[in-house]
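> Got a structure for you, questions after.
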Amino acid sequence: GTRIIYDRKFLLECKNSP
Amino acid sequence: GKLSLGEGLEKHPLENRWALWFFKNDRNRAWRDNLHLLTKFDTVEDFWALYSHIQLASKLSSGCDYALFKDGIEPMWEDCRNKHGGRWLVSLAKQQRQSNLDRLWLETLLCLVGEAFEEYSEEVCGAVVNVRTKGDKIAIWTSEAENQPAVTFIGRVFKDRLGLSPKVVIGYQAHADTATKSNSFTKNKFVV
């Protein structure tokens, strides 16, 4: 199946989103 | 498409559920009794909520560890997913605790929860940071020390993501060799 991959840029953006 | 009032508020699921463990050295207690499961999470948002809530690694007392492992794998050699495995080990100089430790540990966590090792992410068991007076350590644990393609791919990505200089060499040590060593030196099975 497909694997859920997140790059560091996306993960860091999630930290800063409200 | 899907339309709901919760749009934009939905959490982003992770590929794996992860467990964060904390080890606090108390010589009066057995090693296992010093190891505590803090919590588990399986979304990006819950990862950040946890990360923001706990002490940075650089603020822990010497002798403490954090370990982030896939749910169901205990952060010890004896676990069946670890016992044939090993670790990519990054040893830091004392002065790097203030300058680098927190950044390198966060980068390690992002590699794990983001599944940075692509098809080889399956081989990853977890990661550990040891806070020690003589020098802190960060390691990624994998489940099969003989799986050279997976181990070397993971090592190369790990080294690249940490931003280590090409001049720096990091080594992979099998847990079986670490557990049976007669001195503080464990031979590297692979290096990148």
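None of the figures in this text is laboratory data; all of them are computed from the coordinates on show. Note that this is a predicted model, so its numbers are computed, not measured. Every residue, glycine as well, gets a Cβ built from its backbone with ideal geometry; the counts of neighbours run over all protein chains shown.
> Using alpha carbons only, how many degrees (0 to 90, rounded to 10) separate the axis of helix B:102-113 from the longest principal axis of chain B?
The helix B:102-113 is inclined about 60 degrees to chain B.
> Using alpha carbon coordinates only, what is the Rg to Rh ratio of the range B:78-127, with Rh defined as the Kirkwood radius?
Value, to two decimals: 1.04.
> Would you mind checking the range B:9-41 for residues with the amide N under 15 Å from a putative spin-label position 7 Å along Cα→C-beta of B:His53?
B:18-22, B:37-41
> Additional query: Of all trypsin sites (Lys or Arg not before Pro) in the range B:140-175, which ones are in loop regions per DSSP and have a Cβ with at most 15 other Cβ atoms within 10 Å?
On the way: sites: B:Arg156, B:Lys159, B:Arg161, B:Lys167; in loops: B:Lys167.
Sites meeting the loop and neighbour criteria: B:Lys167.
> Mind giving me the FRET efficiency for A:Cys14 and B:Glu122? R0 is 25 Å, r the Cβ-Cβ distance, nearest 0.05 is fine. Display every interim value, and only then the final one.
Values: r = 24 Å, r/R0 = 0.95.
Efficiency computed from Cβ-Cβ geometry: 0.60.
> Taking the Cα centre of the range B:53-169 as origin, work out the dipole magnitude from +1 charges on Lys and Arg Cβ and -1 charges on Asp and Glu Cβ, in debye rounded to 20.
So the dipole magnitude of the range B:53-169 works out to roughly 820 debye.
> Taking the range B:35-192, how much of its Cα-Cα pair set, in percent, is spaced more than 18 angstrom apart?
So the pairs more than 18 Å apart make up 58 percent of the total in the range B:35-192.
> May I ask for the angle, rounded to the nearest 10°, between helix B:148-162 and the longest principal axis of chain B, with both axes built from Cα atoms and the value confined to 0 to 90°?
Taking Cα atoms only, the helix is inclined about 70 degrees.
> What's the magnitude of the charge dipole for the protein assembly as shown around its Cα centre, counting Lys and Arg as +1 and Asp and Glu as -1 at the beta-carbon? Answer in Debye, nearest 20.
In debye, rounded to 20, the protein assembly as shown gives about 1040.
> With charges set only on the Cβ (+1 for Lys and Arg, -1 for Asp and Glu), what does the dipole of the range B:22-100 come to about its Cα centre, in debye to the nearest 20?
440 debye
> How long is the protein assembly as shown along each principal axis, judged by its Cα atoms, biggest number first, in Å?
62, 39, 34
> Would you kindly work out the equivalent ellipsoid of the range B:135-177 from its C-alpha gyration tensor and give its semi-axes, the square roots of five times the eigenvalues, largest first in whole Å?
Equivalent ellipsoid of the range B:135-177: 18, 13, 9 Å, largest first.
> For A:Lys9, list the aspartates and glutamates whose Cα falls under 18 Å from its own Cα; do not include residues on the same chain fewer than 8 positions away.
List returned: B:Glu15, B:Glu45, B:Asp46, B:Asp102, B:Glu107, B:Glu115, B:Glu118, B:Asp160.
> Straight-line reach only, C-alpha to C-alpha below 30 angstrom: list the lysines that B:Lys24 could link to, leaving out same-chain residues fewer than 8 apart.
List returned: A:Lys15, B:Lys40, B:Lys59, B:Lys70, B:Lys83, B:Lys94, B:Lys134, B:Lys137, B:Lys159, B:Lys181, B:Lys187, B:Lys189.
> Along the positive direction of the dipole of the range B:59-166 (beta-carbon charges: Lys, Arg +1; Asp, Glu -1; about the Cα centre), which of B:Ala116, B:Leu92, B:Val129 reaches farthest?
The listed residue farthest towards the positive side: B:Leu92.
> So, one more: So how compact is the range B:28-82: Cα radius of gyration and Dmax in angstrom?
13.0, 37
> Further, regarding this structure: Name the residue, out of B:Ile138, B:Ile54, B:Ile73, whose mean-square fluctuation peaks in a Gaussian network model built on chain B with Cα pairs under 10 Å.
B:Ile54
> Run the numbers for B:Asn25 and B:Arg103: contour at 0.36 nm per residue of separation, minus the present Cα-Cα distance, in nm. Display every interim value, and only then the final one.
Numbers: separation 78, 0.36 × 78 = 28.08 nm, distance 2.36 nm.
Fully extending the segment from B:Asn25 to B:Arg103 adds 25.7 nm.
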